[in-house]
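Input: a single structure, listed below in structure tokens.
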Amino acid sequence: MAFDGSSIIVVAISCVFLVNLTSSLVLAKSPCQFPAIFNFGDSNSDTGGLSAAFGQAPPPNGMSYFGHPAGRYCDGRLVIDFLAESLGLPYLSAFLDSLGTNFTHGANFATAGSTIRPQNTTLHQSGFSPISLNVQFYEFHDFHVRSQIVRKRGGVYETILPKEEDFSSALYTFDIGQNDLTSGYFLNMSVDEVKAYVPDVLNQFHTIIKDIYDVGGRYFWLHNTGPVGCLPYVMERIPVLAGQIDRYGCASPFNEVAQFFNQGLKKTVQQLRKDLPHAAITYVDVYSVKYSLISQGRNHGFNQPLRTCCGHGGKYNYNKNLGCGGKVHKQGKDVLVAAPCQDPSTHVNWDGVHFTEAANRYIFERIVDGSFSDPPRPLNMACYRN
């Protein structure tokens, strides 16, 4: 069979196309190499921020893994810890913690009680942190600039601070929004009143993501908010009618608002993808995972899906005035009353607000492969755009 000149050119072009296509496919299969993680959020991912600023999370926090308090409101590790492990990175040091910290592979700006929208109350008045998401961004921005100035001094500073290029290659993780909803309930707002300010909360979230993008951030891993109507600290403090409790014991009105928030967050992410063309943004549906864990927990070894492991009294073993590790003074002695359960791994909830390490591991194992992500890509492929 003979080939003329034009046929040869067509074949050559086709071969080049196939080579390029094959190379692209091979490249797309290569896992991302994130040199660092920069995390923003609340207590669901706080590894020591609030403890550094307002006093350590007391024992028995940390008992199951660290053997002592480790800045986490949990008996052990959080989802962010498992995420770091899976990427081959060390646990994140809290930005606010000045002791024993190492920021070579990132920093954690999350603090327990944080909200997206700044609060008008103090921590002691409301229980919500003054370190809202905009403050966390200010901290990050300052850290980005000053870390490079200090790193140039050489010596030990080169071993505890990230390289400049790591900021554009890092993974930026977010788990925040839950407290924006509960703060409204605790101010006696109705679910409709809380829903009314959700758009403003999401607009502020959009602004922060764009701010990080503008200083070089490109890869974002965003968790939606969980079923707050299944948390003892909400159900105990804000009673609802019997008809508003679902078949698994959760308060439906609060979960419906959380889903409303998540629907808005997903639309916000879609807009961010249009506004930030070079960003790879992964939206992770942790709500579905957490609700499944609570509703089907007994099928996975969690015999107590709603009852608090570490607490005291009431239907859920939770008392807002006597938290996990709480003591009372009797006959001249401090007596531990809010003690931990014998086996935290059989509980979903640790202290009425936060999950146990076992529950956090369950959540991580279900989100890491992308099964609950939009787009459906695993954590180690989160550097690829749609």
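The values are calculated or read from the model by the stated rules, or taken from the named source; none is laboratory data. This is a predicted model, so every value here is computed, not measured. When we count neighbours, we look across all protein chains shown, and the Cβ atoms used for this are built from the backbone with ideal geometry, even at glycine. Only protein heavy atoms, including side chains, enter the accessible area calculation; ligands, DNA and RNA are left aside. Shrake-Rupley method; radii C 1.70, N 1.55, O 1.52, S 1.80 Å.
Worth pointing out:
- Amide N proximity, region 304-345 versus H68 label position 7 Å along Cα-to-Cβ, cut-off under 20 Å: 325-326, 340
- Between helix 286-295 and the chain there is an angle of about 50 degrees, using the helix long axis and the longest principal axis of the Cα atoms.
- Considering only beta bridges that DSSP places wholly inside the chain, some 30 percent are antiparallel.
- Across the chain, C-alpha contacts under 8 Å between residues 6 or more apart give a mean separation that, scaled by the residue count, equals a relative contact order of 16 percent.
- Percent RCO, i.e. relative contact order, over region 312-386, from Cα pairs under 8 Å lying at least 6 residues apart: 17 percent
- Charge tally for T104 (other residues, Cβ to Cβ under 12 Å; Lys, Arg +1; Asp, Glu -1): 0.
- Cα gyration tensor category, rounded, prolate or oblate, for region 257-386 with a/c compared to 1.5: prolate
- Considering only F34, F186, F137, the Gaussian network model of the chain with Cα springs below 10 Å gives its largest mean-square fluctuation to F186.
- Label separation (K274 vs V145): 3.3 nm, computed from points 7 Å beyond Cα along the C-beta direction.
- Residue-averaged 222 nm ellipticity for the chain, from DSSP H runs of 4+ at -39500 (n - 2.57), nearest 500: -12000 deg cm²/dmol
- Site pair S190 and E365 shows an inter-label distance of 4.4 nm when each label is modelled 7 Å from Cα along Cα→Cβ.
- Among R247, R361, R151, the residue with the largest mean-square fluctuation in a Gaussian network model of the chain, with springs joining Cα atoms closer than 10 Å, is R247.
- Positive-end ranking of V201, P58, I363 along the dipole of the chain, with charges on Cβ about the Cα centre, is headed by P58.
- Helix 5-28 axis, angle to the chain major axis (alpha carbon atoms, nearest 10°): 20 degrees
- Model label points for E256 and T122, set 7 angstrom from Cα along the Cα-to-Cβ axis, are 3.8 nm apart.
- Gaussian network model of the chain, Cα within-10 Å springs - most flexible of K333, K320, K266: K333
- Hypothetical label at K320: residues of region 209-236 whose amide nitrogen lies under 13 Å (7 Å Cα-Cβ projection): 232-236
- Anisotropy class of region 49-143 from Cα gyration tensor, a/c 1.5 cut: oblate
- Fully extending the segment from I238 to R385, taken as 0.36 nm per residue of separation minus the present Cα-Cα distance, adds 48.7 nm.
- The chain, accessible surface, carbon-and-sulfur percent (1.4 angstrom probe): 54 percent
- Region 215-255 - Debye-derived log10 I(q)/I(0), Cα point model, q = 0.18, 0.24, 0.28, 0.34 Å⁻¹: -0.53, -0.76, -0.95, -1.20
- Top positive-direction residue, dipole computed over the chain with Cβ charges, set G326, L92, V289: G326
- Fraction of the pair-distance distribution of the chain above 38 Å, Cα-Cα pairs, percent: 22 percent
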